[in-house]
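Please read the structure below before turning to the comments.
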């Protein structure tokens, strides 16, 4: 007999999914030019009704409200007594991705001397130490903070970070941070229901991140040295494969990947780059393919921790799209111009 707790949380999250800002809302939003109009269009969605309760006059205020909304929704899930332990385990492990992003921002801040802007999510934020992280003056400050927040697993990655004038430091440290995050997520997958499916989804996400590194390196003529920035644990694009890919030209990539699920992706990126000569085409197209592939794996799953994984991805995409749209309007640009950057 299915665990009634999974039936409860699946019903709740699928109900939340029905109140998302969908592509239909995006179509309507693309025709307006005022933030107030956008908020009026989405007022019937969950995030829209939340923003309506405390109107904001500028993008900065709305941005803060969007992150507060996301935190509130996740806190509500943790509060449910009927929430299965596997769901909570996955949720708490997944959200550490924001700690990783904030640590990367702090590393860049040390290099530039400018206070980093942090994402108000994650363990460090919940510990009330995000401002301290953004003001970190050296690696020791970050190490001390991570220790306080029980994120010691990420401390060894900082050893890869060296500041040297004229160099481009931090990239290897950032890769090691990502390595640790995905390693922890893969370990979580081993101990939960439907773990093999989650492991496959994580492997695909790693594949696409590694493919992104390879394609950007080829376009930027960086060469084989970029292989050290690959993340371990890929499903198809392993450490060895990425080294092989880095020896190719961009025009060779579709043929090299034609027998994998990334063949069409490589063709689309090649076509877009040859037309635009913009390296951002790599990121835009990979983001959309990542969403589609993860949807195919995770969206059909119910009565499983995977319903939580898919919900998190959906909410992140929803917030990402809204932030991009609202920032575009705040800057006085037309929303139609950024539609290709949205993940739908």
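Could you say whether any residue in region 48-61 is surrounded by 14 or more Cβ atoms within 10 Å (Cβ to Cβ), in contact (Cβ under 8 Å) with a residue 60 or more places away in the chain and under 30 Å from residue 186 (Cβ atoms)?
No, that holds for no residue.
State yes or no: is residue 40 at pLDDT below 90, surrounded by fewer than 16 Cβ atoms within 10 Å (Cβ to Cβ) and either part of a helix (DSSP H, G or I) or over 24 Å from the mean Cα position of the chain (by Cα) (or both)?
Here the answer is no, as residue 40 does not meet what is asked.
Going through 314, 257, 306, 322 one at a time, which residue ends up being within 30 Å of residue 224 (Cα to Cα), at pLDDT 90 or above and surrounded by 16 or more Cβ atoms within 10 Å (Cβ to Cβ)?
Among 314, 257, 306, 322, only 257 is within 30 Å of residue 224 (Cα to Cα), at pLDDT 90 or above and surrounded by 16 or more Cβ atoms within 10 Å (Cβ to Cβ).
Return yes or no: is residue 107 in contact (Cβ under 8 Å) with a residue 60 or more places away in the chain and part of a loop (DSSP other than H, G, I, E, B)? Before you say what the answer is, go through the steps one by one.
On the way: in contact (Cβ under 8 Å) with a residue 60 or more places away in the chain: yes; part of a loop (DSSP other than H, G, I, E, B): no.
No: the conditions fail for residue 107.
Between 23, 10, 30, which is under 22 Å from residue 300 (Cβ atoms), touching a helix residue (DSSP H, G or I) at 6+ places or on another chain (Cβ under 6 Å) and touching a residue at least 40 places away in the same chain (Cβ under 8 Å)?
It is 10.
Only one of (1) modelled with pLDDT of 90 or more; (2) farther than 30 Å from residue 339 by Cα is not met by residue 64, so which one is it?
(2)
Give the number of residues within region 125-140 that are under 14 Å from residue 102 (Cα atoms) and either part of a helix (DSSP H, G or I) or without any contact (Cβ under 8 Å) to a residue 12 or more places away in the chain (or both).
9
I need the helices (runs of 4 or more DSSP H) fully contained in region 253-344, keeping only those with at least 3 residues that are within 26 Å of residue 71 (Cβ to Cβ), out of contact with any strand residue (DSSP E or B) (no Cβ under 6 Å at 6 or more places or on another chain) and touching a residue at least 24 places away in the same chain (Cβ under 8 Å).
Once the helices (runs of 4 or more DSSP H) in region 253-344 are filtered for at least 3 residues that are within 26 Å of residue 71 (Cβ to Cβ), out of contact with any strand residue (DSSP E or B) (no Cβ under 6 Å at 6 or more places or on another chain) and touching a residue at least 24 places away in the same chain (Cβ under 8 Å), what remains is 280-298, 306-330.
The values are calculated or read from the model by the stated rules, or taken from the named source; none is laboratory data. Predicted model only: the values in this text are computed from it and were never measured. Glycine gets a Cβ as well: all are built from the backbone with ideal geometry, and neighbour counts include every protein chain shown.
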